[in-house]
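This report refers to the structure that appears directly beneath it.
The values are calculated or read from the model by the stated rules, or taken from the named source; none is laboratory data. Here the structure is a predicted model, which is why all the values come from computation and not from measurement. Because the Cβ atoms are built from the backbone with ideal geometry, glycine has one as well, and the counts that use them run over all protein chains shown. For the accessible areas, the whole protein counts, side chains as well, though only heavy atoms, and no ligand, DNA or RNA atoms are used. Shrake-Rupley method; radii C 1.70, N 1.55, O 1.52, S 1.80 Å.
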Amino acid sequence: MTAPAQARSPLGRAGRRLRSRTPRPFEATSLVIGLVLIAIVMVPLLRMLVGMFWVDGELTTRPIRRTLAAPGLAELLLNTVIVVVASSAIALVVGVGLAWLNERTNARMGLLTDSLPLLPFLLPPVAGAVGWVMLLSPRAGLLNDWIRGALSVVGISVEDGPFDIHSWYGLIMVYAFYAVPFVFMNAAAGFRNLDSSLEEASRLSGAGMLRTLRRVTLPVVAPSLGAGVLLSIWFGAGMFSLPAIVGTPAGIEVLSVRIVELLTFTYPPDTEVAVGLSGFVVAFVGLAYWLQFRILRRGRHAVASGKGGAARRIDLGAWKWPMRALVLGYVLVSTVLPMVALALVSLNGFWTPDIAWGELSLTALRDAVLDDPVTREALANSLGLGVVGGLVGILGAAAVALYVARRRGLLSGAVDAGIKLPAAVSNMVIAVGILLLFGGPPFLLSGTLAILFIGYLALYLPQASVAADAAVSGVGGELPEASAVSGARPFRTFRKVYLPLMTPGLVAGWALLFIRMVGDLTASAILAGTGNPVVGFRILEVFTSGSYALLASLSTVLVLVTGLVLAAVLAYTRRSSRLGVSASVGGV
Amino acid sequence: MDVQSTRKTPDPVVRVEHLAKRFRRRDGSTVHAIDDVSFEVHAGDFVVLLGPSGCGKTTLLRSIAGLETPDQGTISFGDRVQFCARRDINVPPERRGISMVFQSYALWPHMTAFRNVSYPLESRRSGRKHKPTIASRVREALELVGIPELEQQYAAQMSGGQQQRVALARALVSNDSLVLFDEPLSNVDAKVREQLRIELLALQRELGFAAIFVTHDQSEAMQLGSRIAVLQEGRVAQLASPLDVYTKPASRYVAKFIGTMNEVFGRVTAIKAETAVVDTVLGELTGRIGAESVAVGDRVAAMWRPESATVSTSDPVAANRLRGELKASLFVGTHTEQVVHVDGRDVHVLVPGADVLGSGSDVWVEVSDVDMLVLPAEDA
Ligand SMILES: Nc1ncnc2c1ncn2[C@@H]1O[C@H](COP(=O)(O)OP(=O)(O)OP(=O)(O)O)[C@@H](O)[C@H]1O
Ligand SMILES: [Mg+2]
């Protein structure tokens, strides 16, 4: 970044000078970065749309006709809708309940209840899915075995079960666990911003606690709840790892699984139908958007400013501890149990309900992960892609965010919207588009790390952008201006003011991207292969070949890596006295 | 502050007895937000809770509403006990049958003005059924506060003053005998505030509800209150009519909080009936004793209001006279503010109309012994 030596202008013109202070090269670079980032999402998307009508150089409706004639299409669509809608509905109830307890009542337990419900966010779904299989598989499931043990004590003996993860309820439950954080995060923000005198006014009007909740609290936070549900639908529609690992063995096939199957496990890959099916995913998410828009419009929501009202918490009285137990119990079941299962199976060396507690060792873990050349390569690739991809993503997004924040205008608005657009399109769809565009000629990137890099970048761009926005907005308009007025040149302002203030937010954003990229399965399933293995792909491969200890070990390593990075970054951002991660995890 | 001993035959609308509420701060220390407060509010009373920031006004009001749970004491409305720490009674806010106007208006953003106002009628058991009655009562309330045309507007589509009127209509619509106000006028601009004050007072006279009104604006308190309760660190320092609070403050704290006071410290040398002679650095001053506990030899403050003093060049006649130099004279239209330098300290005087003396002249400041107040020194 260069700093043109500008003459100090008299104070009267300071305002104008400050606004145009950014050196041109910096702006131009930011703009180019922004456009490139947008292009790697938009072009593949367009390519995919075009692919529905244009095959081998001619206009045709064949992909659409073939898609509509795909075997079991109706069941496929119905399954997807059932899983996504049911899990979103459950997530709505659970997420709102958790958020309400945490934000509006005295059941909150500080950081514990603030952040724990978000944990599934940071646990790769692949690992979670595998963990649940190990817990609730009808015969060998650890939890099932423990329950059977408990039942036999009271004289009831059963052969297998009582639960089966490979079932409708199992699939919906696992989806819901992963959808809850979306609702929780948005609902918590809504409750937090709610002026508590709105509730108090209702109480004084003669409405009890429940009536107040129904007539005042929930309607006021409805927009936040809508956003949460929308995200959970978006997440569910494009989710691949959960249905592949939990649903497929039960014979429940959903759209995303079929798409991947057509692209990677079919030879030759049937791109036409895959593209056609992706169209359904787009339509599904689009419908959810439209519905949310309609519902919120009907309520004519205008957010009233909560002046003055300090948030007062409802005293649950005797219910406080039972409610706390409920929250902790939820966290235990949704997050801790699957992690424990993964760790146990990988330490035990093979998957059995009869854990040899005395002989747990790291041997199996080492055999499975470090001594296996393919896994080692996959791990190295994933970590490398996570570090570099996260860095490139967050820095690019930061440049764009800075540019957008300082140049409010049509172009910058468009760039900002463009960079966040992938959030509206399912991961699955973007990955398919990237495979179509970059996999074939003239790029021929299929099976390389480069296509994975592009894929990850495109997929997680909106998250990078939201995190970078948060980091930039923390700097505000006046701090750099104060620096400029104090006589600092632009470069000095950037170095002394922007950078130190933005760094914690950017580090948190990087961590989020890293976690997402390392734990990714969607793009990995579509874009990776034996030539460019990554952890997600390897997990899928191991899953199909049925080696459970290896599966558990891989997942454990994934959880460990994720957890370590998260802990380190949390410690760092805490010390910088910023809740960077929880802020940047938000917004997706 | 003692409980009023003269029990009137109809029960007071509100009776608060020995109420106390402590908060635990983050650092572990405790704050006595309310510290043994007792008072009564009768039908038609307009009691203003006045005090500096943090003295416990909001906490007291919220305790009466049932939004805060006190640690000790009793609150009853009429003959119904609402809260009693000893007997473990705590009626939830929705069953106390009172109304409240909040500082932030607290209008529900997803409801129109009409729906906001009809809500209390729908929520209270008695009124849930008759739709037409509800509608006519809501219209009546909106008309009462002068905004019948805003019925279908949402809160975000109204000005601050209009929102405050809706909040008022919502509080009045159920015709409760007690309405609480927590600084309801602090978010609207000065002109509107003045207007709303007048209207509020007229409404209160017309409808006859008892009001408890929190403010830290002393002129608002003087204007609105039939009685003012001056709070000091969780205690009621004085509860009396505005005139009494102004002219007969019970302590230095009250005297200095309401209006401005000149003050000089000294020791009591003699007491004669209601008056005390105080030996101060400005000489001997004679004044009315404002508190019972003053005795010969006590350290006290002699205090007087700027407007009860006069400045003249002629020979003084009043009981208290101070010789000084007129330092500044600021004409502000209705009156003139003067600063007289007496023995190295500034004495403020307020005279009506324009001043005729030029600054620098030697003058006498005179205060009658009725206007000079003698109060214990160590309470503020
Ligand atoms: N929830 C709480 N937790 C801890 N301390 C509190 C709480 N609420 C009030 N306090 C303390 O109690 C005291 C009284 O507070 P209160 O809100 O009643 O003051 P106030 O007179 O209404 O002030 P203001 O004029 O600023 O509104 C203050 O010292 C305050 O810090
Ligand atoms: Mg207050």
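Against the longest alpha carbon principal axis of chain B, how many degrees, from 0 to 90 and to the nearest 10, is the axis of helix B:113-123 turned? The angle comes out near 70 degrees. Gyration tensor over the Cα atoms of the stretch A:185-283: the corresponding equivalent ellipsoid has semi-axes (square roots of 5 times the eigenvalues, largest first) of 45, 13, 10 Å. Here is the size of the stretch B:149-243 from its Cα atoms: Rg then Dmax, 14.4, 45 Å. Working note: Debye formula, equal point scatterers on the alpha-carbon atoms of the stretch B:243-356, no solvent; log10 I(q)/I(0) at q = 0.21 Å⁻¹ is -1.27. Here the stretch A:103-219 is treated as a Stokes sphere of Kirkwood radius computed over C-alpha pairs; at 37 °C and 0.692 mPa s its diffusion coefficient rounds to 187 µm²/s. Within the protein assembly as shown, what percent of beta bridges assigned by DSSP are antiparallel, to the nearest 5? The antiparallel fraction comes to roughly 80 percent.
Shielding by partners for peptide B:108-120, expressed as the average number of C-beta atoms from other protein chains within 10 Å of each residue's C-beta, is 5.
Helix B:160-172 and the long axis of chain B differ in direction by around 70°, with both axes built from C-alpha atoms.
Once you have the Kirkwood Rh of the protein assembly as shown from its Cα pairs, apply Stokes-Einstein at 25 °C and 0.890 mPa s and quote D in µm²/s.
Details: Rh = 33.6 Å.
Rounded, D is 73 µm²/s.
Probe radius 1.4 Å, ligands and nucleic acids ignored: give me the carbon and sulfur share of the accessible area of the stretch B:206-251 as a rounded percent. That share works out to 51 percent.
Using a 1.4 angstrom probe on the protein heavy atoms only, could you order B:Ile34, A:Ile454 from most to least accessible area? All intermediate terms of the calculation are to be shown ahead of the outcome.
Details: B:Ile34 5, A:Ile454 30 Å².
Correct descending sequence by accessible area is A:Ile454, B:Ile34.
What's the local net charge at B:Leu50, with K and R +1, D and E -1, over the other residues with C-beta under 9 Å away? Surrounding charge for B:Leu50 is -1.
Total accessible area buried between chains B and A, 1.4 Å probe, in Å² to the nearest 100? List each step's numbers first, then the result.
Values: alone 18530 and 26290 Å², together 42330 Å².
Between B and A, the summed buried area is about 2500 Å².
At 0.36 nm per residue, and after removing the present C-alpha to C-alpha distance, how many nm does the segment from A:Ala222 to A:Ser152 gain when stretched out fully? Write down the numbers at each step before the final one.
Values: separation 70, 0.36 × 70 = 25.20 nm, distance 4.67 nm.
So the extension gain works out to 20.5 nm.
Over the stretch B:27-104, all Cα pairs binned in 5 Å intervals from 0 give whole-percent P(r) values of 3, 12, 24, 26, 20, 11, 3, 1, 0, listed from short to long.
Residue by residue along B:173-179, Cβ atoms of other protein chains within 10 Å of the local Cβ number 1 on average. Working note: Cα atoms of the stretch B:228-267, range along each principal axis, descending, whole Å: 28, 22, 16. What residues does the stretch A:172-208 have that are buried by at least 20 Å² of accessible area in the full protein assembly compared to the chain on its own, 1.4 angstrom probe? SASA drop of 20 Å² or more in the stretch A:172-208: A:Ser197, A:Leu198, A:Glu200, A:Ala201, A:Arg203, A:Leu204, A:Ser205, A:Gly206. GNM on chain B, alpha-carbon springs under 10 angstrom: the most fluctuating residue among B:Thr30, B:Thr280, B:Thr74 is B:Thr30. Taking the 1.4 Å solvent-accessible surface of the stretch B:288-363 as the whole, the part contributed by carbon and sulfur is 51%.
Centre-to-centre separation between the Cα atoms of the stretch B:271-330 and those of the stretch A:141-200: 78 Å.
Once all protein chains are placed together, B:Asp298 keeps about 50 Å² accessible to a 1.4 angstrom probe. Put the Cα centre of the stretch A:324-373 next to the Cα centre of the stretch B:192-210 and the gap is 70 Å.
As a test of the formula, what do you get for chain B when each DSSP H run with n ≥ 4 contributes -39,500 (n - 2.57) and the sum is divided by the residue count, at 222 nm and rounded to the nearest 500 deg cm²/dmol? If you can, show how the numbers build up before the last one.
Working: 8 runs with 84 residues, N = 380.
Helices in chain B give a 222 nm mean residue ellipticity of -6500 deg cm²/dmol.
Just so you know, the Cα atoms of the stretch B:10-247 work out to an Rg and Dmax of 17.8, 55 Å.
Would you rank A:Leu445, B:Leu49 by solvent-accessible area, highest first, keeping every protein chain in place and using a 1.4 Å probe?
A:Leu445, B:Leu49
Using only side-chain charges placed at the Cβ, +1 for Lys and Arg and -1 for Asp and Glu, the dipole size of the stretch B:10-247 relative to its Cα centre rounds to 800 debye. Couplings 3J(HN,Hα) of the stretch B:73-82, computed from phi: x, 9, 10, 10, 10, x, 9, 9, 6, 9 Hz, in residue order, whole Hz [Karplus 6.51 cos²θ - 1.76 cosθ + 1.60, θ = phi - 60°; x for Gly and Pro].
Comparing the stretch A:336-376 with the 2.2 N^0.38 Å rule of thumb, its C-alpha radius of gyration ratio is 1.20 (two decimals). Note on surface exposure: A:Phe350, B:Phe23 rank A:Phe350, B:Phe23 by accessible area, highest first, 1.4 Å probe.
Please report, as a whole percent, how much of the solvent-accessible surface of the stretch A:101-205 comes from carbon and sulfur atoms (probe radius 1.4 Å).
Values: 2150 of 3390 Å².
That fraction is 63 percent.
The Cα center of the stretch A:394-441 and the Cα center of the stretch B:226-244 differ in position by 63 Å. Translational D (Stokes-Einstein, µm²/s) of the stretch B:58-195 at 37 °C and 0.692 mPa s when Rh comes from the Kirkwood sum over C-alpha pairs? It comes out at roughly 206 µm²/s.
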